[in-house]
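Please read the structure below before turning to the comments.
The values are calculated or read from the model by the stated rules, or taken from the named source; none is laboratory data. What you see is a predicted model, and the numbers here were worked out from it, not measured in a lab. Note that we place each Cβ from the backbone using ideal geometry, even for glycine, and neighbour counts take in every protein chain shown. In case anyone asks, the SASA skips ligands and DNA or RNA and just uses the protein heavy atoms, side chains included. Shrake-Rupley method; radii C 1.70, N 1.55, O 1.52, S 1.80 Å.
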Amino acid sequence: MEKPWLIYNHGLKPHQAYYKNIKAFLEAGRQKGLQIEARSNRDFLLVQDPSLRLVPPGGLGRPPFVLYYDKDPFLARALEDLGLRLFNPWQAIAICDSKIETQIQLATQVPMPKTLVPPLSYFETQGWAAYVRRARDLLGPQVVLKPDRGSLGQGVRLLKTSQALEEALRKEAHQGVLLQEFVASSRGRDLRLVIVGDQVLGAIQRTNTQDFRANVAQGGQTQLVEASPQEKALALRAHQALGLVFSGVDLLYGPEGPLVCEVNSNLAFTGFEGATGIPVAKKILEEVLGRL
């Protein structure tokens, strides 16, 4: 059997949780008798011409499958166009990589915070005042701004004044942002559910007393919790709607029930494994092999 590939982002640093996840996948492979070849997305040359050539590093054969542990949708699509089996599939990765696409795909299927997608602006423009007034009338006086792409809570801000929101849109609308209502009942608190296949493996609650963002990267702390049947069903519905094989679904504690905040196609699961003792990498690999 040729070596499976595991593809990760070239910017990964050894101190990051994702780096530990890479090692967990390699160890899970060894336990299954598989020698997984871990490579960064920068190791591949993607040549866009009529033959669509992908030039891998020397010595790599054709893999039986690819564990695609990155959010680069372009390389993922090229790999699938060449007939390779990717987990997760490229379309699911592309949707999860964009908060706007995720919102569009899930808005009519699961409860989510009230959201606006501001019009793209390709110039630094004035004249946002009327839009800001209407947005705050709809979303409330405090508005959460999220960049379309990003991880670990980076760039997510709570804007409390019209001036701050107008200034942000003036500078950032060219790259795509989301505006969401601030769910005060979930301030500094959310629920991360880890799903493999059609099984919810478990849940951890992330809590941050210093920031409205619960992300561990922003200072949040984790603890093992038992998700309710409603929370599990909601997370699974979002996971399945996006065609994912494995995911981390983040829920907010809404005043009338749970709300889907984000869906992650390449979740960092080190904290979850530490809290639950569940070997996530092993579960993912078993699911992949079962599907093959």
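Loop by DSSP (not H, G, I, E, B), at most 10 other beta-carbon atoms within 10 Å: where is the longest site-free stretch of the chain for GluC sites (Glu not before Pro)?
Values: sites that count: Glu124, Glu226, Glu256.
Here the longest segment lacking exposed loop sites spans 1-123.
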Quiz prompt | the chain, relative contact order [Cα under 8 Å, separation at least 6], % | solution = 18
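In what sequence, largest accessible area first, do Tyr19, Tyr69 appear using a 1.4 Å probe? Please list the in-between numbers first.
Values: Tyr19 90, Tyr69 10 Å².
My answer, sorted largest first, is Tyr19, Tyr69.
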Self-check item: Heavy atoms of Thr102 accessible to a 1.4 Å probe, total area in Å² rounded to 10
Solution: 10
Exercise. Can you send over the solvent-accessible area of Asp72, 1.4 Å probe, protein chains only, in Å² to the nearest 10?
Key: 40
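Among rounded, prolate and oblate, which fits the stretch 1-88 when a ≥ b ≥ c are the square roots of the eigenvalues of its C-alpha gyration tensor, a/c under 1.5 means rounded, and a/b larger than b/c means prolate? Spell out each step's value before the answer.
On the way: a/c = 2.04, a/b = 1.37, b/c = 1.50.
Oblate is the answer for the stretch 1-88, as a/c is 1.5 or above yet b/c matches or exceeds a/b.
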Quiz item: Please state the Cα pair-distance histogram of the stretch 170-220 with 10 angstrom bins from zero: what percent is in each bin?
Solution: 22, 32, 35, 10, 1
Practice problem: Could you look at the stretch 183-292 and say what percent of its accessible area is carbon and sulfur, using a 1.4 Å probe and all protein chains? | Solution: 46
Quiz item: Taking Cα pairs under 8 Å and at least six residues apart, what relative contact order does the stretch 94-187 come out at, in percent?
Solution: 40
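Sort Val200, Val263 by accessible area with a 1.4 Å probe, largest first. Don't skip to the answer; put the middle values down first.
Numbers: Val200 35, Val263 5 Å².
The most accessible residue leads, giving Val200, Val263.
As a test of the definition: which semi-axes, in Å, follow for the chain when you take the square root of five times each eigenvalue of its alpha carbon gyration tensor? Largest first, please. Spell out each step's value before the answer.
Numbers: eigenvalues 234, 114, 51 Å².
Sorted largest first and rounded, they come to 34, 24, 16 Å.
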Exercise. May I ask you to list the lysines whose Cα is less than 20 Å away from that of Lys71, ignoring any residue fewer than eight positions away on the same chain?
Key: Lys13, Lys20, Lys23, Lys99, Lys146
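In deg cm²/dmol, rounded to 500, what helix-only [θ] at 222 nm does the chain give when every DSSP H run of at least 4 residues adds -39500 (n - 2.57) and the total is split over its residues? List each step's numbers first, then the result.
Numbers: 9 runs with 94 residues, N = 292.
The per-residue figure over the chain is -9500 deg cm²/dmol.
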Practice problem: Please report, as a whole percent, how much of the solvent-accessible surface of the stretch 54-166 comes from carbon and sulfur atoms (probe radius 1.4 Å). | Solution: 54
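State the extension gain, in nm to one decimal, for the chain segment bounded by Val225 and Asp81, taking 0.36 nm per residue of separation less the distance between their alpha-carbons. Intermediate values should be presented prior to the final figure.
Values: separation 144, 0.36 × 144 = 51.84 nm, distance 4.07 nm.
Computed gain between Val225 and Asp81 is 47.8 nm.
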Quiz item: How far is the Cα center of the stretch 154-180 from the Cα center of the stretch 269-291, in Å?
Solution: 36
Quiz item: Using only the Cα atoms, what convex hull volume per residue in Å³ does the stretch 211-274 have?
Solution: 103
Practice problem: Report, to two decimal places, the Cα Rg of the stretch 118-237 normalised by 2.2 N^0.38 Å (N = number of residues). | Solution: 1.24
Quiz item: So how exposed is Tyr131, as accessible area in Å² (1.4 Å probe, rounded to 10)?
Solution: 60
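Tell me the Kirkwood radius of the stretch 33-163: reciprocal of the mean inverse pair distance over distinct alpha-carbon atoms, in Å.
18.3
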Quiz prompt | Solvent-accessible ranking of Lys20, Lys71, Lys282, largest area first, probe 1.4 Å | solution = Lys20, Lys282, Lys71
Quiz item: What nm distance separates the two modelled labels at Arg42 and Gln142, each placed 7 Å from Cα along Cα→Cβ?
Solution: 4.0
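Counting Lys and Arg as +1 and Asp and Glu as -1, each charge on the Cβ, what is the dipole of the stretch 134-271 about the Cα centre in debye, to the nearest 20? The partial results should precede the final answer.
Details: 15 positive and 14 negative charges, 56 e Å.
Its charge dipole is roughly 260 debye.
Quick one: work out Rg over Rh on the C-alpha atoms of the stretch 186-292, Rh as Kirkwood radius. Don't skip to the answer; put the middle values down first.
Numbers: Rg = 13.4 Å, Rh = 13.9 Å.
Rg/Rh for the stretch 186-292 comes to 0.96.
If you place +1 on the Cβ of every Lys and Arg and -1 on the Cβ of every Asp and Glu, how big does the dipole about the Cα centre of the chain come out, in debye to the nearest 20? Walk me through the numbers on the way to the answer.
Working: 34 positive and 29 negative charges, 71 e Å.
Dipole size: approximately 340 debye.
Rolling a 1.4 Å sphere over the protein heavy atoms, what is the accessible area per residue of the stretch 1-114, to the nearest Å²?
Working: 5870 Å² over 114 residues.
On a per-residue basis, 51 Å².
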